[in-house]
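The structure appears right after this line, and notes come after that.
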Amino acid sequence: FFFLLSVLIPACSCTSTGSPRGRIVARISQTTMSAAAEAPILTSSELNAISSVYSMCCNKTMADYTEGKRQKVHPGMLVTEREALESCTAQTYAGVRANCAEMMDSYQECLLDNPRKWKVCNGLRDSLDKCAIQNKLGEIAKM
């Protein structure tokens with residue numbers, strides 16, 4: 001989850017709002033996002049719901065980016081990998097919303113309703129995954 005968040009929002013600057021609680025505000029710069037798909041800004045429940053789809057549909061681009069991070073490659077040298085992953089996740093999300101929205105919404109709702117019993121939602125996750133595969137989302141389209 002946190003890995004996906006750092007990939008989807010790679011460039012942000014944080015500033016204090018000056019509030020008594022010292023709240024931090026993140027300003028997101030999407031200047032590196034490819035023109036192919038606009039970067040969605042997902043809630044944590046959306047990320048939880050779509051994470052298995054991302055694992056299947058963006059597997060190679062995720063592995064390429066993760067390998068660079070594992071090897072401690074400077075982030076400036078991972079621009080190509082990051083942009084590929086951002087593009088894949090954005091296109092996959094758009095495909096899920098266009099073709100599998102009802103399944104994703106049901107799965108997301110189930111996860112929210114069962115915060116400590118996600119196993120209850122496995123059937124809904126499987127349906128969402130199957131829909132993503134049938135619609136050839138992300139890298140699956142290239143197979």
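Bear in mind that the values in this text are calculations on the coordinates, not laboratory data. Values in this document were obtained by computation on a predicted structure and should not be read as measured data. Every residue, glycine as well, gets a Cβ built from its backbone with ideal geometry; the counts of neighbours run over all protein chains shown.
Assorted remarks:
- For a modelled paramagnetic label at Ile133, 7 Å from Cα along Cα-to-Cβ, the residues of the range 97-120 in reach, with backbone nitrogen under 20 Å, are 97-108, 119-120.
- Here the simple spin-label model places points 7 Å from the Cα toward Cβ, and for Ala63 and Ser45 these points are separated by 3.4 nm.
- Computed over neighbours whose Cβ is under 15 Å from that of Glu86, the net charge equals -2, Lys and Arg +1, Asp and Glu -1.
- The trypsin sites (Lys or Arg not before Pro) of the range 33-127 that DSSP puts in a loop, and whose beta carbon has at most 14 other beta carbons within 10 Å, are Lys72, Arg116, Lys117.
- Restricting the calculation to Cα atoms, the range 44-142 yields a radius of gyration followed by a Dmax of 14.6, 42 Å.
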